[in-house]
């Protein structure tokens, strides 16, 4: 850790101790925006009380990547026109994890999505800092510490001081010897682990991301995590959602799943997608998330 003086490395075991319960208070209206979302909820807890989070507070989250290899036009569009609080990126899939594992096998300091660092962050790091935008991404892949080190080089070159936090704990290769077989999801049968196993990762959730943000992280890098966690973590941080705020967490997870799809949920899977330029399309739900779009972009609605 001596080489990472401004890194917060948060492991899964540590994150399990971070849940805190809050007292019941009078409920008020809550709002949030993310790429752009708004939610109005009155949450009643299981004991008949309710919790107070914020009076019509808003947070704006823009998602600039739905997969590794997504368009590079999204980050500048969201940074300069989105009026964001958080900029999030989702890069990982099962095949992506395999590709990143192969890259790390050949070059030990790889294993993350390098274009996140060099294409999405480096050209805009000064403006991200100036605008106070906080960044969350699972671009760390199978080597989040190396990804964070590369980000620190970008920050140093720009002459800035930003805190980069790293979430670890998803890599299970260290306990491979304890797992002689796995239960198959399709029929409940068990099979032995393959002898040529090169990577094994668990899905982490939003809580360690929230904790990193609570501790002041400007940029949070994770390995394998639930796709929606890159958005849910900032929402939990902003509004103080607790572990048993099931309705709020469900709403935030839904919003996170939609937004992490990036342009796929804003026109990318529209039949005539070529008629929908730019990054965002307006979609609204009365008491749920509200997706808006940047000014001067075209809507398919």
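Just so it is clear, none of the values below were taken in a lab; they were calculated from the coordinates. Keep in mind the model is a prediction, meaning the values are calculated, not measured. Heads up, the Cβs are rebuilt from the backbone with ideal geometry, glycines too, and the neighbour counts pull from every protein chain shown.
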| Where labels lie 7 Å past Cα in the beta-carbon direction, separation of residue 119 and residue 202 in nm | 3.3
| task | Pull out a ≥ b ≥ c, the square roots of the eigenvalues of the alpha-carbon gyration tensor of the stretch 125-264, then state rounded if a/c is under 1.5, prolate if not and a/b is larger than b/c, and oblate in the remaining case. | result | oblate
| query | Between residue 127 and residue 189, what length comes free when the chain is fully extended (0.36 nm per residue of separation minus the Cα-Cα distance, one decimal in nm)? | reply | 17.1 nm
| query | Semi-axes of the equivalent ellipsoid of the stretch 139-198: what are they in whole Å, largest first, if each equals the square root of 5 times a C-alpha gyration tensor eigenvalue? | reply | 38, 11, 9
| query | Is the shape of the stretch 67-163 rounded, prolate or oblate, going by the alpha carbon gyration tensor and its root eigenvalues a ≥ b ≥ c, with a/c under 1.5 for rounded and a/b larger than b/c for prolate? | reply | oblate
| Using a simple spin-label model with points 7 Å from Cα along the Cα→Cβ vector, what separation in nm is obtained for residue 177 and residue 272? | 6.3
| field | Distance between modelled label sites at residue 94 and residue 106, nm, 7 Å Cα→Cβ extension | value | 2.4
| Peptides ranked, highest mean first, by Cβ atoms within 10 Å: ranges 145-152, 107-114 | 145-152, 107-114
